[in-house]
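The values are calculated or read from the model by the stated rules, or taken from the named source; none is laboratory data. These figures come from a predicted structure and were not determined experimentally. Glycine also receives a Cβ, built like all others from the backbone with ideal geometry; neighbour counts cover every protein chain displayed.
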Amino acid sequence: MFFLLSKVLFYLVAPAVWLMVLLLLALIARDAQRQRRRLRAAALLALIGTNPMLPNELLRLWELPPRRLAQLPRQADAAVLLTGITESHEPTDRVYLGAGADRFTNALWLYRAGRVRRIIITGGSGSVLDKARTEAEELRILLRLAGVPTSAILMEEESRNTRENALYTKELLARQPELDTLILVTSAFHQRRALGCFHKVGLHPISFPADFRTAPRQITPDYWAMPSADALAQWTLLLHEILGWTTYKLLGYA
């Protein structure tokens, strides 16, 4: 139930959905005054929602800052790679990475740079409908294609959200007591919630943010005032993650 609810809430916090609802309500309004109010609200939402500066600045505050290799231990026991980055497309005989592909490439980078001895992939299927492969299995395929030996890859394939990522990773580590120093690799916007979940179950990994969704500040007019469809996506991402973090805090998951 919690998994399905999280999927529904993702769409409910999307400004594009709010904009569509306001326009539909204006269309079916029975009197001109009510219609004007709803159109004004839609125009204000469109103005704020497509401004590129506002969500970028807020997301910059929310994302955890990057961590350089020099700030890491010489060699940690394992990188914990959170999934949620693969997509379903045709043909199905290959693996497709989505917007969060930096999670995968950063974990691979840590391994190739000799900063971790192993990679733990945690994640089942993020799809409402069952997939032929879990996300952990899909990323394992890519790691093997990149030359990472099977002996260096551990998988947890049951979790469907961040809380379960932490719970099931702890269970996996109970069977691997030699793995002590961990580096948590997930998107910068997701690190707060992920760290909270891992701390809650008694694990204290080093954060390694990846997949930054923000852009550097600019002084040009297009950054401050030029409408951008990408801004709507940034608002959706930020609002969804804040809602997720708040929900996890209230439920005691993080």
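Quick look at the values:
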{"item": "In region 122-136, the residues that are modelled with pLDDT under 90 and not acidic (Asp, Glu)", "result": "Ser125, Gly126, Ser127, Val128, Leu129, Lys131, Ala132, Arg133"}
{"item": "Matching residues, region 187-246, being of a type in the set (S, T, N, Q), closer than 22 Å to Leu110 by Cα and surrounded by fewer than 21 Cβ atoms within 10 Å (Cβ to Cβ)", "result": "Ser207"}
{"item": "Subset of region 201-214 that is of a type in the set (Gly, Ala, Ser) and within 17 Å of the chain's Cα centre (by Cα) - its residue that is nearest to Leu173 (Cα to Cα)", "result": "Ser207"}
{"item": "Single match in Leu59, Leu82 (criterion: more than 21 Å from Asn165 (Cα to Cα), crowded, with 16+ Cβ neighbours inside 10 Å and within 22 Å of the chain's Cα centre (by Cα))", "result": "Leu59"}
{"item": "Test: residue in region 195-209 that is in the same structural domain as Thr122 (by TED's automatic domain parsing), within 21 Å of Ile119 (Cβ to Cβ), in contact (Cβ under 8 Å) with a residue 24 or more places away in the chain and basic (Lys, Arg)", "result": "no"}
